[in-house]
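Trainee: Quick one: the structure is below, questions incoming.
Values in this text are rule-based calculations from the coordinates and carry no lab data. Treat the numbers as computed from the prediction; the structure is a model and nothing was measured. Please note: Cβ atoms are built from the backbone with ideal geometry, for glycine as well, and neighbour counts cover all protein chains shown.
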Ligand code: GLN
Ligand code: ZN
């Protein structure tokens with residue numbers, strides 16, 4: 001008999017710690033300052049604090065409502081090591097039972113010398129990056145990791161019955177790629193039958209350790225963007241859950257965050273599992289057939305930070321009751337997309353704070369709705385009313401709606417989204433810029449040295465004055481310009497030393513945004529970002545980058561490239577208001593950028609780059625939503641960039657080489673020059689570009705900036721050769737894959753020198 005499912009739960013909780021304690025401990029371990037035992041002690045302490053806190057916020061100590069969702073680095077890597085899926089290049093890290101220790105785990109995550117780490121890529125439509133498992137016929141699945149089992153036992157010893165969380169087998173295989181050993185065309189999903197016994201064994205061990213429920217995360221059942229035909233995905237889900245459900249030793253909850261299950265819902269409903277967690281924020285309450293399973297209604301948004309409409313959330317749960325015998329309330333996703341606690345933001349205005357809910361506040365909301373489910377709406381009416389009042393306050397607060405901004409958006413006509421004919425632009429730019437064939441440039445940032453970070457911190461603490469700090473930045477820019485001139489680059493950048501972050505810098509300088517002090521969210525591994533909060537109508541009170549760019553232009557005869565972050569990326573890497581369509585917000589941001597671009601042009605900056613590395617990331621998981629998204633995202637870029645003269649050259653930069661569905665959109669951006677990531681895949685994207693007939697400037701990266709390796713002149717020359725075999729020389733630009741901010745100066749200088757040497761050879765051979 002399965003234990004009853006708790007009435008309220010969350011799908012997962014941030015694991016980095018309120019003050020990023022895990023980051024510091026993990027990095028201390030990497031640096032050899034603490035040993036594995038100490039790291040494990042710190043992690044156990046953090047888990048203990050989390051459990052106690054969740055009880056304090058209203059979850060139950062002994063009813064499986066607390067998820068056991070810790071990870072030292074990444075939940076997909078955790079699943080890989082738990083089932084023994086370690087690539088053969090790391091075979092020496094694996095012991096006789098197939099297990100790897102903590103040091104080995106981090107080596108797989110981060111690589112070591114010539115051994116490449118697992119590849120990293122974005123987790124569904126979020127800004128979290130997971131590690132991509134490598135699966136082949138040689139992968140020997142076996143229960144190899146007992147970390148999750150030990151955590152359940154650790155909780156039990158402390159008096160908790162928690163619910164272990166692990167990536168489900170279908171999602172695990174769908175997110176994996178074929179290993180180096182795998183034959184052409186091999187699909188990791190073909191190994192499902194071999195993997196399932198290992199999951200079964202894991203469930204048995206979790207039950208033996210005291211777990212009464214397990215949560216298997218299957219977001220892949222929601223996505224239509226993973227490349228596997230839907231029929232195969234559904235068949236895999238059926239196989240997996242029929243197998244895991246037979247004689248199950250504990251209750252099985254299958255969680256489907258990030259959207260609606262659509263045709264996967266009946267498959268899960270027919271399987272011998274006990275509960276299904278639905279995303280009721282991105283997805284709808286299902287209608288039709290009733291089910292005897294527990295439906296966990298994810299009515300609280302786990303992927304954003306708004307307090308939201310609690311009464312509406314409760315209404316969804318009441319509707320869900322019409323189709324399910326048992327309904328519980330949950331979050332739509334794991335809460336690791338949100339920071340820990342609004343109470344840690346004393347510097348945010350109180351009014352804004354009253355509109356927000358970070359992870360801890362969301363747990364409180366779940367507890368409230370659970371009480372409502374158990375005792376009836378009247379029991380929580382006061383809380384529902386308080387949330388509605390906050391929502392009403394937000395609706396009418398100054399700055400949330402700015403008539404001037406709205407008027408400008410309403411008056412836009414088609415001309416605001418279009419530039420002149422490209423051939424004419426190109427001719428004008430050739431005259432204005434006088435660039436050599438195969439022009440060279442960088443993507444914008446130069447190394448963010450310890451010096452830069454130190455001076456920024458000193459300025460923030462008031463140890464140096466604003467003037468002193470700006471003087472330091474000017475010197476930094478002058479050095480970077482001199483370096484580029486010495487190396488021989490054609491289009492000069494200022495190096496972005498004034499920016500800590502591609503979005504926060506703009507958020508700090510635009511109206512409608514707020515920035516947090518402790519609002520850290522895990523991005524990958526030990527890295528966290530602090531997304532800005534876009535809460536109101538966006539406008540630009542004053543020029544932002546113009547003085548840096550004009551100062552830079554004053555130092556060189558060569559064209560300087562102004563550097564901005566595009567509207568889609570600003571949205572993707574912020575917490576964005578949820579009270580209007582994203583498109584409306586994007587147009588406001590675009591208009592603010594359009595003003596900035598106009599001022600840069602007037603100040604004599606002839607080349608302006610608008611980065612959109614997140615264009616792909618926000619692409620909806622459902623095909624039916626993609627067309628509308630691509631339409632507004634492209635239009636917002638064009639709105640930002642179409643106000644300039646034909647002679648002004650607009651660049652854009654995108655951080656990936658898998659274009660697929662977005663290739664047409666990239667073309668539609670109508671940028672004069674587009675730089676993309678290509679070195680890592682050895683220019684794989686280039687033939688695709690040729691096929692598509694891409695007709696403007698294109699800079700496929702020739703230097704993989706993700707690695708400290710310096711590419712040799714020959715290597716770069718080869719890459720240029722590959723590019724030239726598909727791209728007409730008139731269109732080709734030579735640049736690195738991405739910005740240089742994470743690199744050191746030594747490898748940066750050596751790499752750029754080699755790039756220039758290779759370019760000179762290629763020019764001579766034209
Ligand atoms: N201009 C930015 C830089 O060079 C672009 C970074 C990015 O694409 N992620 O750092
Ligand atoms: Zn990039």
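Trainee: Is there a residue in the range 673-688 that is more than 16 Å from ligand 2 (Cβ to nearest atom), in a helix (DSSP H, G or I), over 24 Å from residue 415 (Cβ atoms) and out of contact with any strand residue (DSSP E or B) (no Cβ under 9 Å at 6 or more places or on another chain)?
Mentor: Looking through the range 673-688, at least one residue is more than 16 Å from ligand 2 (Cβ to nearest atom), in a helix (DSSP H, G or I), over 24 Å from residue 415 (Cβ atoms) and out of contact with any strand residue (DSSP E or B) (no Cβ under 9 Å at 6 or more places or on another chain).
Trainee: Among residues belonging to the range 632-675 that are free of Cβ contacts under 8 Å to residues at least 40 places away in the same chain and away from ligand 1 (no atom under 16 Å from the Cβ), point out the one that is farthest from residue 565 (Cα to Cα).
Mentor: Per the criteria, the residue is 660.
Trainee: Continuing with the same structure: Run residue 475 past the list (1) over 13 Å from residue 548 (Cα atoms); (2) away from ligand 1 (no atom under 13 Å from the Cβ) and report the number of the one that doesn't hold.
Mentor: Going through (1) over 13 Å from residue 548 (Cα atoms); (2) away from ligand 1 (no atom under 13 Å from the Cβ) one by one, residue 475 breaks only (1).
Trainee: What is the number of the single condition among (1) under 23 Å from residue 648 (Cα atoms); (2) away from ligand 1 (no atom under 16 Å from the Cβ); (3) touching a helix residue (DSSP H, G or I) at 6+ places or on another chain (Cβ under 6 Å) that residue 492 does not meet?
Mentor: It is condition (2) that residue 492 fails.
Trainee: Could you check how many residues of the range 322-341 are farther than 18 Å from residue 21 by Cα and either surrounded by fewer than 23 Cβ atoms within 10 Å (Cβ to Cβ) or without any contact (Cβ under 8 Å) to a residue 60 or more places away in the chain (or both)?
Mentor: Count: 6.
Trainee: Any residue at all in the range 703-722 that's within 16 Å of ligand 2 (Cβ to nearest atom), part of a loop (DSSP other than H, G, I, E, B) and surrounded by 23 or more Cβ atoms within 10 Å (Cβ to Cβ)?
Mentor: Among the residues of the range 703-722, at least one is within 16 Å of ligand 2 (Cβ to nearest atom), part of a loop (DSSP other than H, G, I, E, B) and surrounded by 23 or more Cβ atoms within 10 Å (Cβ to Cβ), which makes the answer yes.
Trainee: In the set 564, 593, 582, which member is within 15 Å of ligand 1 (Cβ to nearest atom), under 22 Å from the mean Cα position of the chain (by Cα) and under 17 Å from residue 507 (Cα atoms)?
Mentor: Residue meeting the stated conditions: 564.
Trainee: Let me ask another. Which is free of Cβ contacts under 8 Å to residues at least 60 places away in the same chain and either in a loop (DSSP other than H, G, I, E, B) or in contact with a helix residue (DSSP H, G or I) (Cβ under 6 Å, 6 or more places away or on another chain) (or both), of 5, 90, 70?
Mentor: Only one candidate qualifies: 90.
Trainee: Kindly indicate the residue of the range 607-627 that is in contact with a helix residue (DSSP H, G or I) (Cβ under 8 Å, 6 or more places away or on another chain) and outside any loop (DSSP other than H, G, I, E, B) and also nearest to ligand 1 (Cβ to nearest atom) among those meeting that condition.
Mentor: 611
Trainee: Which of the residues belonging to the range 227-261 are part of a loop (DSSP other than H, G, I, E, B) and surrounded by fewer than 17 Cβ atoms within 10 Å (Cβ to Cβ)?
Mentor: 227, 229, 246, 247, 249
Trainee: On the given criteria, is residue 330 on the phi > 0 side of the Ramachandran plot and touching a strand residue (DSSP E or B) at 6+ places or on another chain (Cβ under 9 Å)?
Mentor: no
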